[in-house]
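Undergrad: The structure follows.
The values are calculated or read from the model by the stated rules, or taken from the named source; none is laboratory data. It should be emphasised that the depicted structure is a prediction, and the values quoted were computed from it without experimental measurement. For neighbour counting, all protein chains shown are included, and Cβ atoms are generated from backbone atoms with ideal geometry for every residue, glycine included. The area values use the complete protein model at the heavy-atom level, side chains included, leaving out ligands, DNA and RNA. Shrake-Rupley method; radii C 1.70, N 1.55, O 1.52, S 1.80 Å.
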Amino acid sequence: TASVPKLFIGMDVHKKSWTCHFKTDLFDYKTVTMPADSACLQDYVQKQFAGHEVTCCYEAGCCGYWIARQLQQSNWKVLVVNPADVPRTNKQDWQKTDKIDCRNLCHQLQQNNLHGIHIPEQQQEQLRSLFRRRIHLARQLRTIKNHIKSQLLYYGIKVPEAFDNPNWSHDMKTWLRNIEWKFTSAAQAMQSRLKHLDFLWYEELHISTELRAYCRKHYKKDYYLLKSVPGIGGITAAALLAELGDLRRFKRLDELASLVGLVPGIHQSSDNKICLGLSKRSNRCIRSLLVEASWVAVRTDMALQAYYRKQVAKEPNKAIIKVAHKLLSRIRAVVISGVPYQSGVVQ
C-alpha cells in the first residue's frame, strides 16, 4: 500500500508578500512568491498538491501567529520557529535573500531539524499585548522623569531631600509646577514635560487596573494561586499568565527555567569548563520580576531565607538568582497542585 505523499513548505513571510518553497518527500519543486494571504497559499496547494499531507514552517517575527492559526484550520501541521534555532551555513551570512531563506527552511523541515515554539491561545496572546503596553508606558514614564531631572540639573535647581526619591508624590509634581523661571521658554518646556508625565502616569494606572481586573475575571484560579506566593503581586501574577500562559504545560522545571532564562551559559572543552553567567536567551521581563519577587520572599519565607544565607557567602547577586530558580519551582508546584503557597518552616 502506498503511503500518503508528503509536502513540505518553507515560508519567508512579510507584510505584503510571502516567498514559499515547496518540496515533496520525493522531489524538490520550486519557489513561488505570492500575496500575503493564507487563502492564496491554500488554493495553490490544493491545485498543485491535492491529497498531500502538508507540513509548513515560518520564522517567528512581526507577523505573529495568525498565519499558523489560519493554516491549521486546513489540518496542516504548522511550525513557528525561533530564527536563532534555524541551522544555517556560513555562506548564508554573506548571501541572504527571501528565496535562500525559504529554501533553507524547507530543507531543514524535511530533515526534521526544526522544533517549533509554543503557539499561545488567542486570549493569552491578546492579554500579553495589554501587559506589554504597560511595560512600554512604564519605560516612557521613567524616561520623562529623567528628562525633568535633567532640566533641573542643567539649570542648577536642586530637588528637596523630601522629594529626592524614585517615587514621585503629588507634592513633588506641585513643587515642579511652582518653580519660578526667569524666562517663559524654560517654563513652557517644563510644563510640556509635566503634561506628558501626567498622561503617562494616569494611563499606566488605568492599564494596570484593567490588567488585574481581566486576570481576576478570566484566570481567577491561577491568578489567586500565584498571588499566594510571597513577592508575587497583582502585576507580577498577570505578567506570568500573559507571558508564560498555563504553567501546567511544562513537563519539567528545566523547560520552564530555560524559557524564563534562569539557567547558566556553559562552555566546556575537554577538562576546561567555563560558566558564562545567565543565559542571554530569556524572557527578560519575567526574569527581572522573579528576581524582584525573590528579594521579598527571602524576607518573609524562612525556608527561602535559610537557603539564601547558605548561598550569600559567594555573592548576593548570584545567591538571589538561585533563590529565584527555587521560587520558580515553587510557583510551578503551586499552579500544578492547585494548593495555595505555604511558607516553609525551618526546624
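Undergrad: Quick one: in region 280-300, which of the residues that are of a type in the set (Gly, Ala, Ser) and free of Cβ contacts under 8 Å to residues at least 60 places away in the same chain is least open to solvent (accessible area, probe 1.4 Å)?
TA: 282
Undergrad: Still on this structure, please answer the following. Cβ-Cβ distance below 7 Å, separation of 6 or more or different chains: which pairs start in region 196-211 with a residue that is closer than 27 Å to residue 224 by Cβ and end on one that is small (Gly, Ala, Ser) and open to solvent by less than 90 Å² (accessible area, probe 1.4 Å)?
TA: Sorted first by the residue in region 196-211, then by its partner, the pairs are 204/138; 211/238.
Undergrad: Among the residues in region 305-313, are any farther than 25 Å from residue 249 by Cα, aliphatic (A, V, I, L, M) and under 27 Å from the mean Cα position of the chain (by Cα)?
TA: no
Undergrad: Further question: Under 8 Å between Cβ atoms, which residue pairs at least 6 apart in sequence (or on different chains) link something in region 301-313 that is open to solvent by less than 50 Å² (accessible area, probe 1.4 Å) with a partner that is modelled with pLDDT under 90 and of a type in the set (Lys, Arg)?
TA: 311/318
Undergrad: Among the residues of region 253-264, is there at least one that is out of contact with any His (no Cβ under 9 Å at 6 or more places or on another chain), outside the structural domain of residue 173 (by the TED database), under 26 Å from residue 167 (Cα atoms) and part of a helix (DSSP H, G or I)?
TA: no
Undergrad: Could you give me the residue pairs with C-beta distances under 8 Å whose first residue belongs to region 67-96 and is more than 27 Å from residue 43 (Cβ to Cβ), whose second residue is open to solvent by 30 Å² or more (accessible area, probe 1.4 Å) and assigned to a loop (DSSP other than H, G, I, E, B) wherever it lies, and which are 6+ apart or on separate chains?
TA: Between residues of region 67-96 that are more than 27 Å from residue 43 (Cβ to Cβ) and residues that are open to solvent by 30 Å² or more (accessible area, probe 1.4 Å) and assigned to a loop (DSSP other than H, G, I, E, B), the close pairs are 82/60; 82/117; 83/60; 83/61; 84/281; 85/115; 87/113.
Undergrad: Considering only residues that are surrounded by fewer than 10 Cβ atoms within 10 Å (Cβ to Cβ) and under 34 Å from the mean Cα position of the chain (by Cα), look in region 151-183 and name the one that is nearest to residue 193 (Cα to Cα).
TA: Only one residue tops the list, namely 170.
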